[in-house]
Amino acid sequence: MDEHRLGLKPVYRRVWAPRGRTPLAWVRPRYRWLYVYGFVRPGTGESEFWLLPTVNAVAFSEVLGRFARLRGAGKGKLLLLVLDRAGWHVSGRVEVPGGVGLVFLPPYSPELQPVERVWPLVDAAVANGQVETEEELWARVEARCAYLICRPNRA
C-alpha cells in the first residue's frame with residue numbers, strides 16, 4: 001500500500017521525434033493535486049485504488065477502515081499491509097482496524113515497495129498531455145485506475 005500524488009502539473013515522458021527536431025509539449029503548470037491510494041497484491045497483481053483530495057493520518061485511517069471492511073478483515077482473516085514510513089503512516093492518530101497489520105519497510109527503500117511499480121502505469125493517464133481542469137484530471141485518473149483493476153497482469 002502506498003500513496004501517489006498527481007495534479008495539474010504535467011508529467012513528462014520521452015517521446016519519439018524526427019532526427020534534428022525537438023518535440024514540444026505545451027503546458028501550463030498549476031499546483032492542484034489528487035492523491036491515489038493504491039493497494040497491490042504482488043502474487044496476483046490484483047489492485048485497488050482510492051482517489052482522495054488529500055493525504056494525512058485521518059484520510060489514511062478512513063481508507064484503511066474501508067479497505068478492511070471490503071476485504072473482510074477481522075477475527076478469521078488478517079490483512080498485512082507493507083508500508084513506507086511516511087509521517088501519516090506512523091502517526092499516533094492512525095486508527096488501524098481490527099484484522100489489519102502494518103509492516104513498515106526500512107527507511108529509504110522504495111525499491112522494496114511492490115506498489116511503486118504501478119505509479120508509472122497510473123501516470124500514463126496524464127503523461128505528456130495538458131489537463132485543463134481538476135474534473136478532467138479526476139476523470140482521467142479514475143478511468144486509468146479502473147483499467148488497471150480490470151487487468152491484474154499489468155499491475
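Key figures
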{"read-out": "Residue within the stretch 44-52 that is assigned to a helix (DSSP H, G or I), out of contact with any strand residue (DSSP E or B) (no Cβ under 7 Å at 6 or more places or on another chain), open to solvent by less than 40 Å² (accessible area, probe 1.4 Å) and over 30 Å from E132 (Cα atoms) present", "value": "no"}
{"read-out": "Every pair of residues 6+ apart whose Cβ atoms lie under 8 Å, when the first sits in the stretch 104-119 and is touching a residue at least 12 places away in the same chain (Cβ under 8 Å) while the second is basic (K, R) and open to solvent by 60 Å² or more (accessible area, probe 1.4 Å)", "value": "F104/R85; L105/R85; P107/R85"}
{"read-out": "Residue satisfying all of: in the stretch 94-122; charged (D, E, K, R) and under 21 Å from A59 (Cβ atoms); most open to solvent (accessible area, probe 1.4 Å) among these", "value": "E95"}
{"read-out": "Count of residues meeting criterion [in a loop (DSSP other than H, G, I, E, B) and within 15 Å of the chain's Cα centre (by Cα)] in the stretch 60-114", "value": "3"}
{"read-out": "Pairs with Cβ under 7 Å, 6+ apart, first in the stretch 129-155 and exposed (fewer than 15 other Cβ atoms within 10 Å of the Cβ), second of a type in the set (F, W, Y)", "value": "Q130/W26; I149/F49"}
{"read-out": "Test: residue in the stretch 56-68 that is acidic (D, E) and crowded, with 18+ Cβ neighbours inside 10 Å", "value": "no"}
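The values are calculated or read from the model by the stated rules, or taken from the named source; none is laboratory data. Quantities reported herein were computed from a predicted structural model and do not represent experimental measurements. Don't worry about glycine lacking a Cβ; one is built from the backbone with ideal geometry, like all the others, and counts go over all protein chains shown. Keep in mind that these areas ignore ligands, DNA and RNA; they rest on the heavy atoms of the full protein, side chains included. Shrake-Rupley method; radii C 1.70, N 1.55, O 1.52, S 1.80 Å.
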